[in-house]
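The values are calculated or read from the model by the stated rules, or taken from the named source; none is laboratory data. The structure displayed is predicted, hence computed values, not measured ones. Note that we place each Cβ from the backbone using ideal geometry, even for glycine, and neighbour counts take in every protein chain shown.
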Amino acid sequence: MNNPFPYSLDNKRYHTFNYYLKNKYDAKVAKVIIDGHFSCPNRDGKKGYGGCIYCSSKGSGDSNINIKEDVLTQYERNKKVMDRKWPNKLYIPYFQSFSNTYGPLGKIKDMLQPFINNDEVCEISIATRCDCLDEDIINYLDSLCDKKQIWLELGLQSSNDTTGELINRCYSFKDFCDALILLEKTRIKTCVHIINGLPYEDKEDMLKTIKDINEYKFNAIKIHMLHIIKDTKLAKLYVEKPFKILNKEEYVDIVVSQLELLKPEIIIERLTGDPIKDDLIEPKWLLNKTSVLNEIDKRMAKLNTYQGKKINED
């Protein structure tokens, strides 16, 4: 049977990021990871709780190893690798590590200015937290949309506040939703991050997160599988109070069910993670990213399902 889902250029039955970029720019677009030299209020601010329990010492920016370099040097170095693979392309500088709006507005401007007038940069993506946004920051980022599309990537992980407390997130689901409501009034696009397999959550908890965020306006989502990294508080919890780790089949089943509930216009930027092998404790199956994505595709085809199919079902 032909693929019934319209937002795809291949066999995917969900709204791929590739589809969005190809239709908007008619060119190959690559994300370039950059460390913006920010920290996080959950590590060194008034909250000072040492970060979320799953987060590494690099603030989830483990693939970027030369963080002492200035942002433009990082950009030029990292994009050279992609230039060899895909010449003549556009780029999205992606400020990945920690919370890249946690600081004075002047520092945020210094981080972004080298890219605003760069013709090969089509969009800019900024990872941050909902509690690191104020009116001045939002207005500035919105003003940049005159020249570049600005994305804010916001970590939710789960809509369950009990889970939020366990993982040491330090803001509520309401706080997160309030930020989405503020951003809805701007031209800034938003990407929501969630994590499947968080300690003591079951499938219904994970599906409820999708149902809850469906009530708000956002543009994209990244779905991650929880992975336990060495030397994190999560690793210590796993030893002291073991919790269930999803196997690959369970994860695939949950992701497919989540996609069925997501609005079709929501862009799917990620459906699994990229842990570093030497740092990973569990689950080992996550190291084969291609296999995970292929199993998601096969299950959706077998069920003849697609993104948003069950959104209007009771």
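Please work out if Ser172 is hydroxyl-bearing (Ser, Thr, Tyr) and within 24 Å of Cys52 (Cα to Cα).
Yes.
Would segment 113-130 turn up any residue that is in contact (Cβ under 8 Å) with a residue 24 or more places away in the chain, closer than 27 Å to Leu21 by Cβ, aromatic (Phe, Trp, Tyr) and in contact with a Ser or Thr (Cβ under 6 Å, 6 or more places away or on another chain)?
no
How many residues does segment 76-101 contain that are aromatic (Phe, Trp, Tyr) and at pLDDT 95 or above?
Within segment 76-101, residues that are aromatic (Phe, Trp, Tyr) and at pLDDT 95 or above number 3.
Anything in segment 225-243 that is part of a loop (DSSP other than H, G, I, E, B) and modelled with pLDDT under 95? List them, or say none.
Of everything in segment 225-243, those that are part of a loop (DSSP other than H, G, I, E, B) and modelled with pLDDT under 95 turn out to be His227, Lys230, Asp231, Thr232, Lys241, Pro242, Phe243.
For segment 197-224, give me each residue that is of a type outside the set (Lys, Arg), over 14 Å from the mean Cα position of the chain (by Cα), surrounded by 15 or more Cβ atoms within 10 Å (Cβ to Cβ) and not in a loop (DSSP other than H, G, I, E, B).
Matches in segment 197-224: Asp205, Met206, Leu207, Thr209, Ile210, Asp212, Ile213.
Answer yes if at least one residue in segment 133-141 is in contact with a Cys (Cβ under 8 Å, 6 or more places away or on another chain) and assigned to a loop (DSSP other than H, G, I, E, B), and no otherwise.
Within segment 133-141, none of the residues are in contact with a Cys (Cβ under 8 Å, 6 or more places away or on another chain) and assigned to a loop (DSSP other than H, G, I, E, B).
If we keep just the residues of segment 22-59 that are among the charged types (D, E, K, R), in a loop (DSSP other than H, G, I, E, B) and modelled with pLDDT of 85 or more, which is nearest to the chain's Cα centre (by Cα)?
Asp35
Just the residues that are acidic (Asp, Glu) and assigned to a loop (DSSP other than H, G, I, E, B), please, taken from segment 257-285.
Listed by number, the residues that qualify are Glu265, Asp274.
Out of Glu123, Glu165, I need the residue that is over 19 Å from the mean Cα position of the chain (by Cα) and of a type outside the set (Phe, Trp, Tyr). Which one?
The conditions single out Glu165.
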